[in-house]
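Okay, so here's the structure we're looking at.
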Amino acid sequence: MSEEEADEVFPPLKCSDYKIAVSDSVSDGDSFVYVVKSQELSSNTEYQVERTFEDFEGLQHCLFNQEGVPGLQGIIFPPLPAKPCPSLSNSDSKSIKVLGLLAVGENWPTYCQALENYLCLITGHSILSKNPVLQRFLTQNEPLAIQRVKKGIFNWLSQAVEGLRKENHKDIDDIFQNERDNNLTLTGLTKAVTEKFTEMVLTEQRLAVACGHFSTSLQLGISQQEDQTAQEFSKMCLKLSEVIDAVQKNYESVAENNINTIGLYLELYSRYLEAEKEMLFRRTCKLVEVENANKNLEKAKAIKKATMEEMKKATDKEFKEISGMAKIEIQNFHRERVRAFQQSLMGLCVSQLNTARESCAVFTQQLSHFRELCGE
């Protein structure tokens with residue numbers, strides 16, 4: 001399939017100011033190096049930079065920690081894929097367990113596509129795309145200098161306990177409470193479907209490998225003897241080997257089509273649902289702060305009343321900004337999720353139909369050759 005045909009079947013995510021492609025990944029010791037190509041649409045200026053996974057993490061860190069952006073915690077941040085391990089092969093069970101469908105294939109093409117989708121989602125976001133670090137990431141080869149605060153085990157434990165306490169906190173807004181309940185259900189179902197879909201793709205690939213072994217075995221049965229029966233048997237083995245080769249290519253194409261359409265969709269939105277869950281949790285934490293601020297104001301003595309009033313107003317303002325942003329993000333998220341599902345289904349139908357036509361033509365030709373070989 002040519003690049004033009006692939007773009008028609010699997011149209012890329014729309015980016016606002018840049019056309020982006022993550023074209024290659026190269027193992028560099030303990031990490032991968034990714035080639036990120038971008039074209040600035042306003043000036044047609046092209047850039048090519050090399051980025052490690054740590055650079056992607058640095059970009060995500062900057063997006064999380066922007067200052068002066070009202071309602072930032074109400075944004076559903078595009079999720080970054082899990083970090084791959086170069087020491088593990090794509091077919092390694094540990095790699096499959098961590099990365100799922102992103103670990104399937106040669107040279108990690110599906111993982112590169114996931115990183116490309118991640119950058120497109122950021123550059124297509126009305127707020128995240130304005131971060132100056134994003135432009136540096138796309139246009140300058142220098143690594144992003146990010147200083148992270150290290151936290152001890154007791155900090156993580158206290159956060160985990162606090163998270164469990166707030167996670168089940170009843171929301172005052174039915175819209176958000178329903179969204180939290182729906183997210184919990186959808187997250188579980190999407191993960192289950194993704195796991196089953198991955199198993200199906202791996203089975204298709206194993207069948208393709210088995211066909212390759214069978215085809216090779218048939219070729220080993222070809223004899224150079226002059227005996228008429230042996231020659232006829234060798235011709236049958238050779239022709240059957242060609243048929244099995246065609247079956248192998250069909251399985252490979254079907255598996256690739258599944259990965260590049262429904263597979264990429266399921267993988268992305270299983271992570272995206274987790275990102276929505278994190279956003280809803282951040283809003284719940286702010287809701288708890290609002291309730292605590294109200295309680296503190298009621299209990300405050302006269303001398304601290306004014307200070308507590310200011311703290312309450314500031315907390316209320318932040319909560320309203322987060323809730324307002326969250327409502328917009330949730331609406332956009334569900335609209336895009338449905339659109340992407342429709343697009344992936346259409347892409348799957350088109351690609352599998354093309355594969356079926358190509359395979360049908362090959363099998364018809366092979367059947368004709370078999371009939372000639374049998375004297376029919």
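The values are calculated or read from the model by the stated rules, or taken from the named source; none is laboratory data. Since we're looking at a predicted model, the values are computed, not measured. Neighbour counts are summed over all protein chains in view; Cβ atoms, including those assigned to glycine, are modelled from backbone coordinates with ideal geometry.
A few remarks follow.
- Restricted to segment 86-124, and to residues there that are in a loop (DSSP other than H, G, I, E, B) and touching a helix residue (DSSP H, G or I) at 6+ places or on another chain (Cβ under 9 Å), the residue that is modelled with the highest pLDDT is 108.
- Between 329, 321, 336, 372, the distinction of being in a helix (DSSP H, G or I), free of Cβ contacts under 8 Å to residues at least 12 places away in the same chain and closer than 30 Å to residue 284 by Cα belongs to 336 only.
- Single unsatisfied condition, residue 345 versus (1) over 30 Å from residue 76 (Cβ atoms); (2) at pLDDT 90 or above; (3) not charged (D, E, K, R): (1)
- Residue check: residue 232 meets all listed conditions (1) surrounded by fewer than 16 Cβ atoms within 10 Å (Cβ to Cβ); (2) of a type in the set (D, E, K, R); (3) at pLDDT 85 or above but one, namely (3).
- Test set (1) in contact with a Gly (Cβ under 9 Å, 6 or more places away or on another chain); (2) closer than 27 Å to residue 176 by Cα; (3) modelled with pLDDT under 90 - residue 143 fails condition number: (2)
Quick grid of which residues meet (1) free of Cβ contacts under 8 Å to residues at least 60 places away in the same chain; (2) surrounded by fewer than 21 Cβ atoms within 10 Å (Cβ to Cβ); (3) within 30 Å of residue 360 (Cβ to Cβ):
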residue	(1), (2), (3)
238	yes, yes, yes
241	yes, yes, yes
252	yes, yes, yes
259	no, no, yes
277	no, yes, no
284	no, yes, no
289	yes, yes, no
292	yes, yes, no
309	yes, yes, no
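- Flag if residue 351 is closer than 30 Å to residue 294 by Cα and hydroxyl-bearing (Ser, Thr, Tyr): no
- Residue selected from segment 200-221 under the condition β-branched (Val, Ile, Thr) and more than 18 Å from residue 246 (Cβ to Cβ), by the criterion surrounded by the fewest Cβ atoms within 10 Å (Cβ to Cβ): 203
- Checking residue 222 against (1) in contact with a Phe, Trp or Tyr (Cβ under 6 Å, 6 or more places away or on another chain); (2) modelled with pLDDT under 90; (3) not basic (Lys, Arg), the condition it does not meet: (1)
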